[in-house]
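The values are calculated or read from the model by the stated rules, or taken from the named source; none is laboratory data. In this text, all values refer to a predicted model and were calculated from it rather than measured experimentally. Here Cβ is always computed from backbone atoms with ideal geometry, including for glycine, and neighbour counts include all displayed protein chains. Side chains are part of the model used for accessible areas, which takes the heavy atoms of the whole protein and leaves out ligands, DNA and RNA. Shrake-Rupley method; radii C 1.70, N 1.55, O 1.52, S 1.80 Å.
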Protein chains: 2
Amino acid sequence: MRIALDAMGGDFAPGPIVAGAVQAAQENESLQITLVGDRDQITAALGADAGSPRFEIVHTTQVVGMDEKPTVLRTKRDTSIGKCWELMATRKVQGLVSAGNTGAMTAGALFTKLFIKGVKRPGIAVVIPSLQGPVVLLDVGANSSCKAEHLFQYGAMGSVYARQMLGIENPTIGLMNIGTEEGKGNDLVRETLDLFQASHLRDRFHGNVEGRDLYQGTVNVFVTDGFVGNIVLKVSEGVLDLVLKLAANGVLSALDKEKHLAEAALRRVAHEYHHSATGGAPLLGVDGVCIICHGSSNDRAIRNALLRAARHGDNKVNELIASELERTPTSVA
Amino acid sequence: MRIALDAMGGDFAPGPIVAGAVQAAQENESLQITLVGDRDQITAALGADAGSPRFEIVHTTQVVGMDEKPTVLRTKRDTSIGKCWELMATRKVQGLVSAGNTGAMTAGALFTKLFIKGVKRPGIAVVIPSLQGPVVLLDVGANSSCKAEHLFQYGAMGSVYARQMLGIENPTIGLMNIGTEEGKGNDLVRETLDLFQASHLRDRFHGNVEGRDLYQGTVNVFVTDGFVGNIVLKVSEGVLDLVLKLAANGVLSALDKEKHLAEAALRRVAHEYHHSATGGAPLLGVDGVCIICHGSSNDRAIRNALLRAARHGDNKVNELIASELERTPTSVA
């Protein structure tokens, strides 16, 4: 499998991005990586690996800034993100990974219309920890003006992802709402509830779920629109930081001799939680593998994202999404 | 000030509800409390205080169940929640407090149309802890199909609340969105941004804020619709539980002699965080004081809610909301 890696995307690019590519290539021998970006900088970052046949370099002269609007892809014509999408659209690569501008990455999918057959809109899925183990939440920001059929498809795509990538045999699906009873919420969620209940997914559809269900892991797949999902994800990170800081202050001031042990333990908790978010999130619905990484990704996060992209291909996630969506009666979604 | 207390609302009613009323009456001598619910149960719960002139009992025969739909107020005509609203609508009381069904409490406001002059829709405000101290988030569930002018008014009402109740002199206002740049998000937030920027609140309006800003306390007042706000609030509680559990597991297994000290410290952290949520949340925009408490409220939470209701009246929150809304040009909101 050949994957394009946006070598210029991310707060610390290209150093740790390229280092992550070298690590992933060592780990997975069938992985071929196309590094996209400034040839000189990439060559310097590759060092001794610069001549390796595992790495191809595709030179670009521009970079999408982290604060630029997604539409910049239309005016800047030689960016690393734009080139990654072009390589996938022309089937030169089967996947792409970037820690760059999330909006531009999503826009690339919309501009190239590189969707799996039947998909209306792609959605970003994240795997987050819960009291019952990892759960899938989508969409977390690709689509902030969702229609009911988009949300329905997120449920279908998310459950394929949960099965193929998390090994959950019959993933249950929940619709994020402000109460569990039917009729709760706004028009969008009421219409979406009807779609699920009329579909072949009805047996695995748990109905409405609430915010507190997410970290309790009440279902395996949590469906919401990109506006709510993005805010939920970022609020969660904020609570984590606050609570760990409060816990650290509280615990460390209460202890005497074993302070250092507690400090190390709290660091591990924060690390483990953050770790789960740093392997990158797939943009589901794209015909090809597209993994979007956190801007602050280090070499290990990029390595994990590349390996996850390869597994996504190996595990036939997209093929199974296509057949899942075929089963949706056209009169319903 | 006379306040109606829904003695039948809450998971453990009426015992701790009535106990909270007794504590609040001891604390604030000018507080008169009308206990609404089953006379026999309330009298039994009052015990020695049953004869006190501080407590009036208004008998009702029905209770709104925690899972009943808000519209139940139209069919059950003698519920404690319905009676509380009737007492306020007929000016027998100046405030009401309930730990019962939140939807029914909100519906009571809509049915009686007991709004402050100029208010389009009331919104529930919660005070939550942040790294910079307490911040106000609204709406968290009264209004899940918001218009831009509702969100604008939440900013105006929330900033009066932050000033009068939290003592923040010039509260800054942020609009919850999925990115800080103008143009981000959906139609609703883009339209709301325009309203704020064209209003007299523009100098204190910080613009768009993201999920992570909430617990960082980037602004003093966070404005969002009741759908997003409710999910954000409940997700936060879920993260707190998960992180404290992970922290407890991690820290306690790392320690040897000082385990018990760490355990007590972690319990204090959880208690302090939850505590902030248990004083009740005002339904802002109601002409009168309406405080909605968590269903699991204990006596201390009810006591705090009653005292907060009295402060709300003493601090002229509603009068100042009315004059704040008067300053909004009608062409804008």
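Output ³J(HN,Hα) for the stretch A:167-172: one whole-Hz value per residue in order, computed from phi by the Karplus curve 6.51 cos²θ - 1.76 cosθ + 1.60 with θ = phi - 60°, and x for Gly and Pro.
Listing the rounded values in order: x, 8, 5, 10, x, 8 Hz.
For peptide A:124-131, how many partner chain Cβ atoms fall within 10 Å of a residue's Cβ, on average?
Counting Cβ atoms of other protein chains within 10 Å of each residue's Cβ and averaging gives 2.
Counting helices only, and only those DSSP H runs with n ≥ 4, report the 222 nm mean residue ellipticity of chain B as the sum of -39,500 (n - 2.57) divided by its residues, in deg cm²/dmol to the nearest 500.
-15000 deg cm²/dmol
Send over the Kirkwood Rh of chain A, from the inverse of the averaged 1/r over different Cα pairs, rounded to one decimal Å. Present the calculation step by step, with values, prior to reporting the outcome.
Numbers: mean 1/r = 0.0485 Å⁻¹.
After inverting the mean inverse Cα-Cα distance, the result is 20.6 Å.
Taking Rh as the Kirkwood radius computed over C-alpha pairs, what is the Stokes-Einstein D of the stretch A:7-140 at 20 °C in a medium of viscosity 1.002 mPa s, expressed in µm² per second? Let's see the in-between values first.
Details: Rh = 16.1 Å.
Translational diffusion coefficient: 133 µm²/s.
In sequence order, what are the phi-derived ³J(HN,Hα) couplings for the stretch B:104-111 according to the Karplus relation 6.51 cos²θ - 1.76 cosθ + 1.60 with θ = phi - 60°, rounded to whole Hz, with x for glycine and proline?
Once rounded to whole Hz, the list reads 5, 4, 5, 4, x, 5, 6, 5.
First obtain the Kirkwood hydrodynamic radius of the stretch B:1-84 from its Cα pairs, then insert it into the Stokes-Einstein equation at 20 °C and 1.002 mPa s, and state the resulting D in µm² per second as a whole number.
Calculated translational D: 165 µm²/s.
Considering only the label points, 7 Å along Cα→Cβ from Cα, what distances in nm to one decimal separate residue B:30 from the same position in each other copy, shortest first?
For residue B:30, the inter-copy label distances come out at 7.8 nm.
Report the GluC sites (Glu not before Pro) located in the stretch B:178-265 that are in a DSSP loop and have at most 16 other Cβ atoms inside 10 Å of their Cβ, or state none. Don't skip to the end; give the middle numbers.
Details: sites: B:181, B:182, B:191, B:210, B:237, B:258, B:263; in loops: B:181, B:182, B:210, B:258.
The qualifying sites are B:181, B:182.
Specify which residue in the list A:35, B:219, A:105 is farthest towards the positive end of the charge dipole of the protein assembly as shown, using unit charges on the beta carbon of Lys, Arg (+1) and Asp, Glu (-1), about the Cα centre.
Projecting each Cα onto the dipole axis, the largest value belongs to A:105.
Under a 1.4 Å probe, what is the accessible area of the stretch A:1-134 per residue, stated in Å²?
Per residue, the stretch A:1-134 has 44 Å² of solvent-accessible surface.
Is there a simple number for the mean count of other chain Cβ atoms within 10 Å of the Cβ of residues in B:216-229, and what is it? It would help to have the intermediate numbers written out before the result.
Working: counts 4, 2, 1, 0, 0, 0, 0, 0, 3, 3, 3, 12, 9, 3.
Counting Cβ atoms of other protein chains within 10 Å of each residue's Cβ and averaging gives 3.
What is the set of long-range amide H partners of residue A:209 at a cut-off below 5 Å, with H atoms built 1.01 Å from backbone N?
Sorted by chain and number, the residues that satisfy this are A:175, A:176, A:177.
According to the square roots a ≥ b ≥ c of the eigenvalues of the Cα gyration tensor, what is the shape class of the stretch A:82-128, taking rounded for a/c under 1.5, prolate for a/b larger than b/c otherwise, and oblate for the remainder?
Verdict is oblate for the stretch A:82-128.
Kindly give the semi-axes, whole Å and largest first, of the ellipsoid equivalent to the protein assembly as shown, taking each as the square root of 5 times a Cα gyration tensor eigenvalue.
48, 27, 24
Quick check of the Kirkwood formula: for the stretch A:186-261, what is the inverse mean of 1/r over all pairs of different Cα atoms, in Å?
Working: mean 1/r = 0.0639 Å⁻¹.
15.7 Å is the Kirkwood radius here.
Quick one: putting +1 on the C-beta of Lys and Arg, -1 on the C-beta of Asp and Glu, what dipole do you get for the stretch B:120-277 around its Cα centre, in Debye to the nearest 20?
300
Give or take rounding to whole Å, what are the principal axis extents of the alpha carbon atoms in the stretch B:99-157, in descending order?
Result, largest extent first: 39, 28, 20 Å.
Say a label goes 7 Å from Cα toward Cβ at residue A:170 in every copy; what distances in nm does this one have to the rest, shortest first?
6.1
Put the label 7 Å from Cα along Cα→Cβ for residue B:41; what are its distances to the other copies, in nanometres, shortest first?
6.8
Take chain B, connect every pair of alpha-carbon atoms lying under 10 Å apart with a spring to form a Gaussian network, then pick out the residue of B:17, B:57, B:81 with the largest mean-square fluctuation.
B:57
With charges only on Cβ, +1 for K and R and -1 for D and E, what is the dipole size of chain B about its Cα centre, in debye, rounded to 20?
On the way: 33 positive and 36 negative charges, 92 e Å.
Dipole of chain B, to the nearest 20 debye: 440 debye.
Buried accessible area for the A:B pair, summed, 1.4 Å probe, in Å² rounded to 100?
That pair of chains buries around 4600 Å² in total.
Solvent-accessible area per residue for the stretch B:152-303 at a 1.4 Å probe radius, Å²?
35
In a Gaussian network model over chain B where Cα atoms closer than 10 Å are linked, find which of B:177, B:101, B:28 has the largest mean-square fluctuation.
Checking each option, the largest mean-square fluctuation is seen for B:28.
Just name one of A:285, A:22, A:87: the one whose Cα is farthest towards the positive end of the charge dipole of chain A (beta-carbon charges, Lys/Arg +1, Asp/Glu -1).
Among A:285, A:22, A:87, the one farthest towards the positive end of the dipole of chain A is A:87.
Kirkwood-based Rg over Rh for the stretch A:120-277 (C-alpha set), two decimals?
Result: Rg/Rh = 1.07.
Calculate one ³J(HN,Hα) per residue across the stretch B:27-41 by plugging θ = phi - 60° into the Karplus curve 6.51 cos²θ - 1.76 cosθ + 1.60, and present them in order as whole Hz with x for glycine and proline.
Working through the residues one at a time gives 6, 10, 6, 8, 7, 10, 10, 9, 8, 10, x, 5, 4, 5, 5 Hz.
Using a/c under 1.5 as the rounded threshold, could you call the stretch A:134-202 rounded, prolate or oblate? The axes a ≥ b ≥ c are square roots of the C-alpha gyration tensor eigenvalues, and prolate needs a/b larger than b/c, oblate otherwise.
Here the stretch A:134-202 falls in the prolate category.
How large is the dipole of the protein assembly as shown about the Cα centre if only Lys and Arg carry +1 and Asp and Glu carry -1, each at its Cβ, rounded to the nearest 20 debye?
Roughly 480 debye, rounded to the nearest 20.
With a 1.4 Å probe and every protein chain kept in, tell me what percent of the accessible surface of the protein assembly as shown is carbon plus sulfur.
That fraction is 48 percent.
Across peptide A:250-262, how many C-beta atoms of other chains are within 10 Å of each residue C-beta, on average? Intermediate results must be reported in sequence, preceding the final value.
Numbers: counts 10, 14, 3, 2, 9, 8, 3, 4, 9, 2, 1, 7, 11.
The mean count of partner-chain Cβ atoms within 10 Å per residue comes to 6.
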